[in-house]
1. Which value results for Rg/Rh of the chain when Rg is the Cα radius of gyration and Rh the Kirkwood radius based on the inverse mean 1/r?
2. Could you give the spread of the C-alpha atoms of segment 1-55 along their three principal axes, from largest to smallest, in whole angstroms?
3. Restricting to the chain, what percent of DSSP beta bridges are antiparallel, rounded to 5?
4. Put a dot 7 Å past each Cα toward the Cβ at residue 355 and residue 215; how far apart are the dots in nm?
5. Along its principal axes, what span do the Cα atoms of segment 276-406 show, with the longest given first and each in whole Å?
6. Using alpha-carbon pairs under 8 Å, 6+ residues apart, how would you state the relative contact order of the chain in percent?
7. With n ≥ 4 as the cut-off for DSSP H runs, can you work out [θ] at 222 nm for the chain, using -39500 (n - 2.57) per run divided by the number of residues, rounded to the nearest 500?
8. Under 1.5 on a/c is rounded, so check that first for segment 167-313, then, if it is not, pick prolate when a/b is larger than b/c and oblate when it is not; a ≥ b ≥ c are the square roots of the alpha carbon gyration tensor eigenvalues.
């Protein structure tokens, strides 16, 4: 990775207990203005961020292992992105591409057509959020195939809108009492190597799902199969080798649209531009958001031209979709990913994190404190699955306590998983090695008995 000069000192530095008094004051103001339904993992209020550091209103500098949930891979104040945003905003912030179009939208579409998997002819439409991209991918697949059924998987997370809640597996907090949900969504078992029965490899797991599809739906009723190549909110589950290629091949043979949801795993996060590239899988449609624009709201669906062009004129769009400021940010962010070789950097981060956490798991097990069931991930998308000692029973309370301990020591780390027992690490791809290692030491400390 090219050496980066950071604007802020890349050091953890606490001047108050967390949260500090100014953050506590803001929390009181928040209680009278923001519903409790909108939560925050780290209750400190940011005033600055750069590289791997977040500075709060009390002057504390915390290490960021969240990246705004995989958004700020290029950094939260990347100079090239900030300059592109300011320049575009100086000229115009909005015209609506459906009213008076602009080059930035076209340029982003051209770039995504270039970097997404496959050398086939493609088209791209831009939207605002990951959920919106997923909804539009389903619309495209249904219209293009003339079929209505959609398959999603156990542990999936695809968003919070009505259709994407139907696709999402976990009830609380995402779906509970928000129904009824969109119909014709069917859920199949995922490849989950840590929890699958012995002998269920990737191919067998895919064949298990395909067999259930044949029995419950049939291919000629199925519009699309949507899957996260590495599941995000569901637990950073990396399917066993062969799972994705087997599913994709079956879809191709049966005229089913294969959708890769790369909202969280895309844009260098796993050490490739997109996670599905790891096994050479070429999706028919790919959904993107989060890391695409360095923190600006933007999402996209890129797909085979014959699918994208099947939709009638006016059938895709939205007032803010492909906002010109967000497009400028995306072009700058993607250029930074390339020029800084953030794919290579993500792989380096993965090597450091997986080695440190795996060594800690072995050491804890040797001490009779085997609470780390599995360390997994790819690139800078790493997870620790916490269990009750000597079992595979999920331990969500330990995950919650470990995240809270890390926060108290100035490290922002998130939890996730169907069972709430996963610590997930999503550091900015521009984090320094020393800062990363310090954060990992604290994460490990958080799982160690007093």
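Derivation of every value follows stated rules applied to the coordinates shown; laboratory data play no part. Because the structure is predicted, anything quoted here is derived from the model rather than measured. FYI the Cβ positions are ideal-geometry reconstructions off the backbone, even for glycines, and counts take in every protein chain you see.
1. Ratio value, two decimals: 0.96.
2. That works out to 45, 24, 15 Å along the principal axes.
3. On the way: 32 of 48 bridges.
Roughly 65 percent of the DSSP beta bridges within the chain come out antiparallel.
4. For residue 215 paired with residue 355, the spin-label model returns 4.6 nm.
5. Reported extents, whole Å, longest axis first: 63, 32, 32.
6. Values: 958 pairs, mean separation 96.7, N = 450.
Result for the chain is 21 percent.
7. When only DSSP H runs of four or more count, the value is -11500 deg cm²/dmol.
8. Rounded shape, in that the Cα axes give a/c under 1.5.
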